[in-house]
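Readers should treat all values here as calculations from the given coordinates under stated rules, not as data from a laboratory. Being a predicted model, the structure only gives us computed values, none of them experimental. When we count neighbours, we look across all protein chains shown, and the Cβ atoms used for this are built from the backbone with ideal geometry, even at glycine.
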Amino acid sequence: MRLILMGPPGAGKGTQATSVADHFGIPAISTGDIFRANVSQGTELGVEAKRFMDAGDYVPDEVTNKMVRNRIDEPDAKPGFLLDGYPRTTAQVEELDGMITFTGHKLDAAVVLTVDADELVARLLQRAQTEGRADDTEDVIRKRQDLYTEQTEPLIELYRARGILVEVDGMGTVDEVTARIFAALDIIPES
Ligand code: ADP
């Protein structure tokens, strides 16, 4: 099973990714989490990524693509994976296509979580208080939302055209959303 989970900042991708991945016995791979781990460990990648993340910009495609390629080459990702936060640009889509077809597989589904704009802002401001993420300030949140609209939202139509888009209502409790994702994915045959 090879899945991607999409949605604007605050849609609940990270929260849902783990339960969905556990259900299918595959790793949940969050590019945001990998970047943050590298930042806190002070690795070369972390130093490079930090200035983009703090500004709410996307980390350059070459850096992100290489990181994802290395991660999905790990043994635990051989049976499949769920990508949370990747791809976010058309260049990343092409790169991912190459990585997957190289192994003789296909992308099974692109799940997109849809959430009202007001609810997104409320969730991010709430998260700013509880988690203290450096990029959850008002200005940077706005920047991330704009980038999502410009660069990532168009990918929804791209995956719809391929016939693998699964749109899920991301409003409601965490459990309600999880149940909707499972219901929507059970109709997808495993590859
Ligand atoms: P959110 O979806 O709430 O913006 P993430 O935790 O998924 O947060 O990502 C945090 C930051 O990590 C992004 O703002 C960006 O700087 C960087 N990042 C994550 N994934 C990607 C990606 N696929 N391409 C480029 N940058 C990324």
| message | Using the Karplus curve 6.51 cos²θ - 1.76 cosθ + 1.60 with θ = phi - 60°, what ³J(HN,Hα) values do you get for each residue of the stretch 49-57, in whole Hz, with x for Gly and Pro? | response | 6, 4, 5, 6, 4, 4, 8, x, 8
| field | Dipole axis of the chain (+1 Lys, Arg; -1 Asp, Glu on Cβ), positive-most option in 126, 102, 30 | value | 102
| Calculated from DSSP H runs of 4 or more alone, at -39500 (n - 2.57) each and per residue, what is the 222 nm mean residue ellipticity of the chain, nearest 500? | -17000 deg cm²/dmol
| query | Want the number for residue 126 to residue 162: 0.36 nm per residue separation, take away the alpha-carbon distance, what's left? | reply | 9.4 nm
| task | Sum up the lysine pairs in the stretch 1-146 that clear both bars: alpha-carbon distance under 19 Å and a spacing of 8 or more or different chains. | result | 5
| Computed over the Cα atoms of the chain, what is the ratio Rg over Rh, Rh following Kirkwood? | 0.93
| field | Two-decimal ratio, the stretch 31-72, of alpha-carbon radius of gyration to 2.2 N^0.38 Å | value | 1.03
| Magnitude of the Cβ-charge dipole of the stretch 52-191, K/R +1 and D/E -1, about the Cα centre, nearest 20 debye? | 320 debye
| task | Calculate the radius of gyration of the Cα atoms of the stretch 1-72 to one decimal place, then report Dmax, the largest Cα-Cα distance, as a whole number, both in Å. | result | 12.9, 35
| query | Where the centroid of each part is defined by its Cα atoms, how far is the stretch 163-180 from the stretch 36-80 in Å? | reply | 26 Å
